[in-house]
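The structure appears right after this line, and notes come after that.
The values are calculated or read from the model by the stated rules, or taken from the named source; none is laboratory data. Remember, predicted model here, so these are calculated numbers, not experimental data. Glycine gets a Cβ as well: all are built from the backbone with ideal geometry, and neighbour counts include every protein chain shown.
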Amino acid sequence: MHRLIPSVAPAAINAATPRSVVGVADDSQRLSQRSNKAVVTARAAVPNRGGRAVSGDVMVEGSRSDNGSLARTTDGERSQQRPWTPPELAVAPDAVINLELGDPTMYEAFWKEAGERTAVVIPGWRGMSYFSDAGGLCWFLEPEFEREVRRLHRLVGNAAVDGYHLVVGTGATQLSQAAIYALSPADANHPIGVVSPAPYYSADAPQTDLLLSGFYRWAGDANAMGGDSHIELVCSPNNPDGAIREAVLSSKPGKAIHDLVYYWPQYTPITGTAAHDIMLFTMSKITGHAGTRLGWALVKDLEVAKKMTYFVDRSTIGVSRDSQLRAAKILTLVSDAYDDDKDTRRLFDFAQRCMADRWQALRATVASTGMFSLPEETSGYCTFTKQIVPAYPAFAWLRCEKESVENCRELLRGHGVLAQGGELFGGDARCVRVNMLERDGVFDVLVQRLSSIE
């Protein structure tokens, strides 16, 4: 049994394998009551005999005050109460690191430093109604959130907002499905095909076909299609390889959905103001607040915006108003920092420095081993920073160049690194997608392990 930190140890680890998994899985935490003790349980995955990740528990014990905060005790007396915060989980030397998902925990350091400046207090009576604006197009859209979204886009210059309707959703995933629904002809004899050029986002296919809709279906690689009878998902910068994309099909106007969740200055130069018919964005990729579950679409056509709103209405009866208020506060801080010349705590500057350091370290490691390759570095003039800057994608599209290795995912798994295999993206099994947005400790372990592979 291997300990993650001195006071944190796996509660149950399969005896057949000594490794615990850290990374995306160790974020979810819960409190459980055992007699008069509080047990903080952090979910950590451990591989079972078949090599798949299963859930285990990492526990920290301490006393629990009446209001749910942890407090130290001396001789049975409760000391001064203090707010509970999750423990920092160190990476054990032989832990398996999970880089399969795009969990953006790199941003935690920035928001911890921001402290209470982003705190939001919501009175118990506020936001009780389903409606934010009963007479509005998107009736569950909070005005404060819409205002700050439009303000941020104008500040960065990455997307046009004037003349666009804003539809809010539970992340870009829901909005992508809402857009597909809105663009699908209701009177067609068969479902319209949904396509994207390979390598495409690994969730596109299962999400499109999840509901077995009679209006649309996943049809695969856009490069293998022709004509204009498809809906094309255009992700730019692309997930997984960071490439800048344009629609490849000669689609009729309104038949392309532009996923621009990574079109922010920490990931790529802002080369112009995007003005597509449908543009998707999400909080998780801008500020790192994946758990807020909030995204938005900028939609040019009124009827399409109405249909997208209807989809969100019918699937989840709107979107959390509390999440929107929190997101509005966070976006306000981001924009305010760039309006104040004296404010040095700027999100995009912080994130770009982190990404630059990480990509420099990763490229140096890949070059030194000779085992792997990465897409060539690209750069361009960024209208936001007023500089020529390289692109720093949120994921590394890593390819194994060793002839004897046919499956890069299995190679990395053998060295304690979990990554998504290229086949899931319509690509080659010799490629993997690696999350570049994990905490510093996890990324450092990634670099160390890649350098040791021969």
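Screening ARG147 with (1) outside any loop (DSSP other than H, G, I, E, B); (2) under 19 Å from ARG326 (Cα atoms); (3) without any contact (Cβ under 8 Å) to a residue 40 or more places away in the chain gives one miss only, at (3). Taken together, the criteria exclude GLY427 from residues that are free of Cβ contacts under 8 Å to residues at least 24 places away in the same chain, surrounded by 15 or more Cβ atoms within 10 Å (Cβ to Cβ) and either polar (S, T, N, Q) or within 26 Å of SER284 (Cβ to Cβ) (or both). Assess whether HIS258 counts as being under 20 Å from the mean Cα position of the chain (by Cα) and surrounded by fewer than 22 Cβ atoms within 10 Å (Cβ to Cβ). Criteria not met by HIS258. In the range 110-144, the qualifying residues are those that are of a type in the set (Gly, Ala, Ser) and exposed (fewer than 12 other Cβ atoms within 10 Å of the Cβ), and the one that is farthest from SER323 (Cα to Cα) is GLY135.
Restricting the range 327-379 to residues that are among the polar types (S, T, N, Q) and part of a helix (DSSP H, G or I), the residue that is surrounded by the fewest Cβ atoms within 10 Å (Cβ to Cβ) is SER368. Screening the candidates ASP259, ASP277, ASP322 for the property of being under 24 Å from SER132 (Cα atoms), of a type in the set (Asp, Glu) and in the same structural domain as ILE192 (by TED's automatic domain parsing) yields one hit, ASP322.
Counting the residues of the range 150-185 that are under 22 Å from ALA337 (Cβ atoms), touching a strand residue (DSSP E or B) at 6+ places or on another chain (Cβ under 6 Å) and in a helix (DSSP H, G or I) gives 1.
Against the criterion of being touching a strand residue (DSSP E or B) at 6+ places or on another chain (Cβ under 9 Å), exposed (fewer than 15 other Cβ atoms within 10 Å of the Cβ) and not assigned by TED's automatic domain parsing to the domain that holds GLY295, GLU401 qualifies. Tallying residues that are within 25 Å of ARG353 (Cβ to Cβ) and either among the β-branched types (Val, Ile, Thr) or in a helix (DSSP H, G or I) (or both) within the range 247-272 yields 4. In the range 160-177 there is no residue matching the filter, namely being farther than 26 Å from ILE286 by Cα and touching a residue at least 60 places away in the same chain (Cβ under 8 Å). Taken over the range 209-225, residues that are without any contact (Cβ under 8 Å) to a residue 40 or more places away in the chain, in contact with a strand residue (DSSP E or B) (Cβ under 7 Å, 6 or more places away or on another chain), outside any loop (DSSP other than H, G, I, E, B) and not charged (D, E, K, R) amount to 4.
Restricting attention to the range 304-324, the residues that are surrounded by 18 or more Cβ atoms within 10 Å (Cβ to Cβ), of a type outside the set (Lys, Arg) and in a helix (DSSP H, G or I) total 8.
In the range 295-306, the residues that are on the phi < 0 side of the Ramachandran plot form Cβ pairs under 7 Å with partners that are among the hydroxyl-bearing types (Ser, Thr, Tyr), at six or more places apart or across chains, as follows: GLY295/THR282; LEU298/TYR164; VAL299/TYR164; LYS300/TYR164.
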